[in-house]
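*Asks:* The structure's right below; bear with me while I get my questions together.
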Amino acid sequence: MRTEERNEALWKFGSYIFLMTLVVLVMIPLYWMIVAATIPQSEFFTWPPRLLPGFEWFSNFQALQENVDFVRSMGNSIIISVSYTALSLVLCSMAGFAFAKYEFRFKEPLFYFILATLVLPIQLLIIPLFLLITQLGWTNSYLAVILPWAANPLGIFLMRQNMKAIPDSLLESARMDGATEFQLYYKIALPTMLPSLAALSIILFLNQWQAFLYPLVVLQDPQMYTIPLALADLVGAQRVYFDQIMVATSLAVTPIFIVFLTMQQYFIKGILSGSVKQ
């Protein structure tokens, strides 16, 4: 008995040490990012390295703003990411509800065709999308970035898997009470999908927040740049503005933390609930 208790205690101790090591390894880059954002670039490569924050954050931010108008770029990213997330949640939840609860011709082939688009590399889609956006006159606009990816295949799959768990008897009862098909979706299906919608919203937001290659193609006007494009402008052929990059990065990760901390209680629950449905 004592041997089992000792082994269990050693296992717990080893687990705590392992988790604490992971936390430290994750926090070191974040802490260095904060320190680097507050010191001049001349101190970046000194030895021993600077370990305490300095007082140059505002001067670094001012230089950043003069170079790339980062406040506008951050505003563009927020508008695009929030709009894309909201639109994609509506489209994916509607499509997921249709695939889960309705029978129509070519339902299964169409669903698997949508899933197959997940394996297509973005490089394969950029040229035809760029030609289409150019013909529509949408270059240098929010629509060019938001609309082509609004119907997210992963989102449709996640919503379909979760909505298959809604009892058909519940929907039939609502129909007998006079509910329309849209009311079935809006008043019955969506309220039960809040954890999955929260998890999907995090995925969609992060996907758009960090997008670089496609916005680089369709947004040529610096006034329309998103955060990744603004950061790319700080890496020049002759000089890299490390201090400004650290300031921009510290600001760029703030909305990500806010979104995740706000919805973290739903994230794991929503992901797991969509992984076991048949």
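The values are calculated or read from the model by the stated rules, or taken from the named source; none is laboratory data. From a predicted model like this one, the values you see are computed outputs, not experimental measurements. So basically every Cβ, Gly included, is an ideal-geometry build from the backbone, and we count neighbours across all protein chains shown.
*Asks:* Hey, could you check the stretch 55-66 for residues that are within 15 Å of ALA252 (Cβ to Cβ) and among the polar types (S, T, N, Q) and say which is surrounded by the fewest Cβ atoms within 10 Å (Cβ to Cβ)?
*Replies:* Among those residues, the one meeting the criterion is GLN65.
*Asks:* Let me ask you something else. Looking only at residues in the stretch 1-54 that are polar (S, T, N, Q) and not in a helix (DSSP H, G or I), which one is surrounded by the fewest Cβ atoms within 10 Å (Cβ to Cβ)?
*Replies:* THR46
*Asks:* Does any residue in the stretch 176-194 that is more than 14 Å from ALA95 (Cα to Cα) and touching a residue at least 12 places away in the same chain (Cβ under 8 Å) come within less than 7 Å, Cβ to Cβ, of a residue that is of a type in the set (A, V, I, L, M, F, W, C) and in a loop (DSSP other than H, G, I, E, B) six or more places away or on a different chain, and which pairs are these?
*Replies:* Note: pairs meeting the criteria are THR192/ILE166.
*Asks:* Same structure, new question: Would you point out the residue of the stretch 162-189, among those that are assigned to a helix (DSSP H, G or I) and of a type in the set (Asp, Glu), that is surrounded by the most Cβ atoms within 10 Å (Cβ to Cβ)?
*Replies:* GLU181
*Asks:* Here's a follow-up. Within the stretch 104-161, work out how many residues are part of a helix (DSSP H, G or I), surrounded by fewer than 17 Cβ atoms within 10 Å (Cβ to Cβ), among the polar types (S, T, N, Q) and touching a residue at least 12 places away in the same chain (Cβ under 8 Å).
*Replies:* Of the residues in the stretch 104-161, 2 are part of a helix (DSSP H, G or I), surrounded by fewer than 17 Cβ atoms within 10 Å (Cβ to Cβ), among the polar types (S, T, N, Q) and touching a residue at least 12 places away in the same chain (Cβ under 8 Å).
*Asks:* Filter the stretch 55-95 down to the residues that are acidic (Asp, Glu) and not in a helix (DSSP H, G or I), then identify the one that is nearest to the chain's Cα centre (by Cα).
*Replies:* The qualifying residue nearest to the chain's Cα centre (by Cα) is ASP69.
*Asks:* Within the stretch 200-247, work out how many residues are assigned to a loop (DSSP other than H, G, I, E, B) and either at pLDDT 85 or above or within 22 Å of LEU132 (Cα to Cα) (or both).
*Replies:* 8
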